[in-house]
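Have a look at the structure below, then the notes.
Every read-out reported here was derived from the displayed coordinates using simple, explicitly stated rules and does not represent laboratory data. Because the structure is a prediction, the values reported are computed rather than measured. Cβ placement follows ideal geometry from the backbone for every residue including glycine, while neighbour counts extend to all protein chains displayed.
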Amino acid sequence: MKTIHLFRFNNSIFRKIPFFTEEHRLKTDVIEIDLMNIEIVTEYIVKTHDDFIFDNTSVNDLLSMCKKAQKTIEHYFVLGVNGYDVI
């Protein structure tokens, strides 16, 4: 058995965190969160067989694996504040 990380964003499953850069990661608690455009990527830590091949696995099977994950981690990314980039 081996442990893999799967990432879910907008009902799609990826092998790596999609689209977002580290500089857009929300690292602190924010009070005015309603003003921000935040996207959430969920990371699933899953045990699977040694011969697991991501590309040969159906979306339904990947979603099933995510539901049985040992651990989940939510990653928050800030895209902007009221149409302005975050500085």
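Some observations on this one:
- Additional length obtainable on full extension of the chain from PHE54 to HIS5, 0.36 nm per residue less Cα span: 16.6 nm
- Formal net charge of residues neighbouring CYS66 (Cβ-Cβ distance under 12 Å; K, R +1; D, E -1): +2
- Around ILE4: net Lys/Arg minus Asp/Glu count, Cβ-Cβ under 14 Å: +2
- Using the Cβ of PHE54 as centre and a radius below 11 Å, the other residues enclosed give a net charge of 0, where K and R count +1 and D and E count -1.
- Per-residue packing, averaged as other Cβ atoms within 10 Å, sorts the ranges 49-57, 10-18 into the order 10-18, 49-57, beginning with the highest.
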